[in-house]
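Scroll down for the structure; my scribbles are underneath it.
The values are calculated or read from the model by the stated rules, or taken from the named source; none is laboratory data. Everything quoted here is computed from the prediction, not taken from an experiment. FYI the Cβ positions are ideal-geometry reconstructions off the backbone, even for glycines, and counts take in every protein chain you see.
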Amino acid sequence: MRTQSIRNRLLKFTVLIPAILALSSGCAVKNEEIIEPAADVTNETTTGQVRKLIQREIKGAGNPPRISFGGKFIYASTMLPRFYERNNYHPVWSDDKGLLPQTNAFISIIRDADKEGLNPADYHLPEIHLALSEIHQHKVVTASNYKTYGESLNPYGLSKTDLLLTDALLKYSSHLLNGRIHPEIVDTAWMIRHREMDLTDVLRSAIETNQIEENLKRLLPENPVYSRLKDALAQYQQIAERGGWPMVPEGSKMEKGHRGDRVLALRARLTASGDLSEEYQQGEYSDLFDKNLAEAVRRFQRRHGLKPDGVVGPSTLAALNVPVQKRINQIELNMERWRWIPQNLGRRYILVNIANYELYVVEDNRTVLKMRVVVGKPYWNTPVFNAEMTYLVLNPYWNIPETIFAEEKLPKIKKDPEYFSKDNIKVLTGWSPNAEAIDPSTIDWSKVTEQNFRYRLRQEPGPGNPLGRIKFMFPNPYHVYLHDTSQKHLFNRVDRNLSHGCIRIEKPYELAEYVLRSDPSWTPERIRKAINKGTTQSVRLPEPIPVYLLYFTAWVDDDGTVEFRDDIYQRDRALEEALRTTPQTFSSAKNAM
């Protein structure tokens, strides 16, 4: 009789819990929304009851799935029903005694999701804490004391907690593996394959071995740049917790020898970000712009892609006054980008950071060759993709694209009849390999338009050719490649988004020697001799090498220097907007379970 009385009291109490929770969260619950205890779950073990409640919830979740909780619905991962169906709806976070130990471990992980540049609220943290309080009849259970089991357990609380924790783990896993959103949302031409892993195995292994943290670490990008960005995120979050850095007041440029309150503010600003050692912050001449402060300014300028002249002009002042939270967001956006690309880029590869105008040749995670590059203009932007470099061309022709012909070449041709001979350009009958050259004087250029022009312009090899003496080919649908240039002076500019999409490189000879180095017949001397002949020649690489054209506006160098760059294509802005407006309802991973 006593057991039956306890059971009756338990059932009456569990009927009231959803309404109590809903009222406490500000959500009114209608009478018909209160779930009555089902007769088929009252005479089973706690685990059996939880299993049937999970099954009922999953079967009624709909498509896309929604979990009802506290009088409202929470959107769930599309993988959630498939996981429980394969698990025969058994609970994964509890048994007859209550919650399993890994529950506490995982809650701690999602509470610290911001350390990975993610948002803890995306993983049901508030709802999980509320569901935990339903588990015990007489004791409200919090994150710190939920291991204390009462005389009886509420199967409804256990089932809700199980669903929420499983969905949180699925979402968190997929976000670590492939990012919070599909890259195609912000770049419809995205052509870099996603990382792949069976999240079912990850989840099962994490739960069964009670090694959640270890299994989740397997999903993180392996490249050391990601882990260094994570360290930088913690560093800048600490700066934010200390109040950030002060603004430097507007005014005329500041340089060595200046004094005043603005110099004091500059010292405080550079000390807060670590560009100026604290030993130089105070002192008798702290309002003096001295050599130590000038060097700190140059350090700041170098790591923000500015001209390192030690003078605080408009560009430097603008960068100084970017709030610390903006820099935190910038780091998080670039951590997201690292989650979009393959786990392992290869033992050796070529990486072009478009936003930094730099090319890196990497071997075993170490940069062995580095050079400046020129990338596409904002309206001719260089796309993000990866491909394999398979050959290079010595003394290349330049087949002038139709759009460049119409926008840039045709106006010059109409003004100057000698344009063809001056720039060593031939007119061909078409784009076929067998096209023949014709005399440009036979064409009435005054009547030529983009629409009626049926010829091809080809600039012959030579020192004036825009492609220079070497181009490096990695076939792709964008017809983008790396190449030498006749305009070497452009590499001295700070901003180098000046091309039509292809990438001009500073050290073409060094790169050619590198990619051909495993073929002993192609010595540096032979490469230069072949170029000096002036004959167009294709040379196949001994082995292909991966090329990644990527876009990073924040990263950390090998020596720990945190670097930031301007968002030259407004891709940070687009990504930030997408993360803010795209519903965090489904897994972003494309991994079937």
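With respect to LYS370, determine if the residue is charged (D, E, K, R) and within 25 Å of ARG493 (Cβ to Cβ).
yes
Only one of these conditions is not met by LEU288: (1) over 30 Å from ILE185 (Cα atoms); (2) modelled with pLDDT of 95 or more. Which number is it?
Only one criterion in (1) over 30 Å from ILE185 (Cα atoms); (2) modelled with pLDDT of 95 or more is unmet by LEU288, namely (2).
Which ones in the range 528-561 are more than 27 Å from ASN353 (Cα to Cα) and touching a residue at least 24 places away in the same chain (Cβ under 8 Å)?
Here is the first cut: in the range 528-561, the ones more than 27 Å from ASN353 (Cα to Cα) are 528-537.
Listed by number, the residues that qualify are ALA530, ILE531, LYS533, GLY534, THR535, THR536, GLN537.
Please go through the range 207-248 and give me each residue that is among the hydrophobic types (A, V, I, L, M, F, W, C) and touching a Leu at 6+ places or on another chain (Cβ under 7 Å), ordered by number.
Initial filter on the range 207-248 (among the hydrophobic types (A, V, I, L, M, F, W, C)): 207, 212, 216, 219-220, 225, 229, 232-234, 239-240, 245, 247-248.
If the condition is that a residue be among the hydrophobic types (A, V, I, L, M, F, W, C) and touching a Leu at 6+ places or on another chain (Cβ under 7 Å), then LEU216, LEU219, LEU220, VAL248 are the ones that fit.
Residue pairs, Cβ under 6 Å, 6 or more apart or interchain, first in the range 288-299 and free of Cβ contacts under 8 Å to residues at least 60 places away in the same chain and within 13 Å of GLU255 (Cβ to Cβ), second among the β-branched types (Val, Ile, Thr) and in a helix (DSSP H, G or I). List them.
PHE289/VAL263
In this structure, is LEU130 in the same structural domain as ILE74 (by TED's automatic domain parsing), at pLDDT 90 or above and either within 26 Å of THR45 (Cβ to Cβ) or not in a loop (DSSP other than H, G, I, E, B) (or both)? Outline the logic, then answer.
Details: in the same structural domain as ILE74 (by TED's automatic domain parsing): yes; at pLDDT 90 or above: no; either within 26 Å of THR45 (Cβ to Cβ) or not in a loop (DSSP other than H, G, I, E, B) (or both): yes.
When the stated conditions are applied, LEU130 does not pass them.
Just to confirm my filter: which helices (runs of 4 or more DSSP H) fall fully inside the range 163-248 and include at least 3 residues that are β-branched (Val, Ile, Thr)?
Because the criterion is at least 3 residues that are β-branched (Val, Ile, Thr), the helices (runs of 4 or more DSSP H) in the range 163-248 that meet it are 199-208.
Would you pick out the residues in the range 493-527 that are surrounded by 14 or more Cβ atoms within 10 Å (Cβ to Cβ) and aliphatic (A, V, I, L, M)?
Correct list: LEU498, ILE503, ILE505, LEU511, ALA512, VAL515, LEU516, ILE527.
Given the conditions (1) among the aliphatic types (A, V, I, L, M); (2) in contact (Cβ under 8 Å) with a residue 60 or more places away in the chain; (3) within 20 Å of ASP567 (Cα to Cα), which single one is not true for VAL312?
(3)
Which of the residues belonging to the range 381-414 are among the hydrophobic types (A, V, I, L, M, F, W, C) and more than 35 Å from the chain's Cα centre (by Cα)?
LEU394, PHE405, ALA406, LEU410, ILE413
Name every residue in the range 364-381 that is surrounded by 13 or more Cβ atoms within 10 Å (Cβ to Cβ) and of a type in the set (A, V, I, L, M), in order of residue number.
If the condition is that a residue be surrounded by 13 or more Cβ atoms within 10 Å (Cβ to Cβ) and of a type in the set (A, V, I, L, M), then LEU369, MET371, VAL373, VAL374, VAL375 are the ones that fit.
Do you know which residues across the range 398-419 are assigned to a loop (DSSP other than H, G, I, E, B) and of a type in the set (A, V, I, L, M)?
Matches in the range 398-419: ILE400 only.
Cβ-Cβ below 8 Å, separation at least six or inter-chain, first residue in the range 377-391 and closer than 24 Å to LEU511 by Cα, second charged (D, E, K, R) and assigned to a strand (DSSP E or B): which pairs?
THR390/ARG540; TYR391/ARG540
Let me confirm something: among ARG456, ARG469, which residue is among the charged types (D, E, K, R), surrounded by 12 or more Cβ atoms within 10 Å (Cβ to Cβ), outside the structural domain of CYS502 (by TED's automatic domain parsing) and more than 33 Å from the chain's Cα centre (by Cα)?
Matching residue, one of ARG456, ARG469: ARG456.
Report whether or not ILE531 is surrounded by 14 or more Cβ atoms within 10 Å (Cβ to Cβ), modelled with pLDDT of 95 or more, part of a strand (DSSP E or B) and not polar (S, T, N, Q). Let's see the steps before the verdict.
Values: surrounded by 14 or more Cβ atoms within 10 Å (Cβ to Cβ): yes; modelled with pLDDT of 95 or more: yes; part of a strand (DSSP E or B): no; not polar (S, T, N, Q): yes.
No.
Tell me the residue from GLU407, GLU402 that is outside the structural domain of LYS533 (by TED's automatic domain parsing) and free of Cβ contacts under 8 Å to residues at least 12 places away in the same chain, please.
Every option except GLU407 fails the conditions.
Only residues in the range 108-126 that are of a type in the set (Gly, Ala, Ser) and loosely packed, with under 14 Cβ neighbours inside 10 Å count as the first member; pair them with residues that are assigned to a helix (DSSP H, G or I) and modelled with pLDDT of 95 or more, Cβ under 9 angstrom, at least 6 apart or cross-chain, and list the lot.
ALA121/ALA113
Residues are listed down the side, and each one gets a yes or a no for (1) of a type in the set (Asp, Glu); (2) under 25 Å from PHE106 (Cα atoms); (3) at pLDDT 90 or above:
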| residue | (1), (2), (3) |
| --- | --- |
| LEU169 | no, yes, yes |
| GLU184 | yes, no, no |
| VAL202 | no, yes, no |
| SER227 | no, yes, yes |
| ALA232 | no, yes, yes |
| GLN237 | no, yes, yes |
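Just to be sure, is TYR349 hydroxyl-bearing (Ser, Thr, Tyr) and surrounded by 20 or more Cβ atoms within 10 Å (Cβ to Cβ)?
When the stated conditions are applied, TYR349 does not pass them.
Select from the range 166-194 the residues that are aliphatic (A, V, I, L, M) and within 18 Å of GLU116 (Cβ to Cβ) and write down the one among them that is surrounded by the fewest Cβ atoms within 10 Å (Cβ to Cβ). If you could, list the steps in order and put the result at the bottom.
Let us first name the residues in the range 166-194 that are aliphatic (A, V, I, L, M), namely 168-170, 176-177, 181, 185-186, 189, 191-192.
Checking the rest, the ones that are also within 18 Å of GLU116 (Cβ to Cβ) come to 168-170, 176-177, 181.
Values: ALA168: 24, LEU169: 27, LEU170: 26, LEU176: 24, LEU177: 25, ILE181: 19.
It comes out as ILE181.
Which one of these is in contact (Cβ under 8 Å) with a residue 60 or more places away in the chain and under 21 Å from GLY560 (Cα atoms): ALA234, ALA168, ALA272? Walk me through it before giving the result.
On the way: ALA168 fails: under 21 Å from GLY560 (Cα atoms); ALA272 fails: in contact (Cβ under 8 Å) with a residue 60 or more places away in the chain.
On inspection, the qualifying residue turns out to be ALA234.
Given the conditions (1) more than 29 Å from the chain's Cα centre (by Cα); (2) free of Cβ contacts under 8 Å to residues at least 40 places away in the same chain, which single one is not true for TYR481?
(1)
Does PRO342 satisfy the criteria of being in contact with a Gly (Cβ under 8 Å, 6 or more places away or on another chain), more than 16 Å from GLU563 (Cβ to Cβ) and in contact (Cβ under 8 Å) with a residue 60 or more places away in the chain?
So PRO342 fails the test.
Hey, can you tell me all the residues within the range 220-274 that are among the aromatic types (Phe, Trp, Tyr) and either farther than 18 Å from VAL324 by Cα or over 29 Å from the mean Cα position of the chain (by Cα) (or both)?
TYR226
Could you look through the range 494-517, keep only residues that are over 25 Å from PHE385 (Cβ atoms) and part of a loop (DSSP other than H, G, I, E, B), and pick out the one that is farthest from the chain's Cα centre (by Cα)?
Out of the qualifying residues, it is ARG517.
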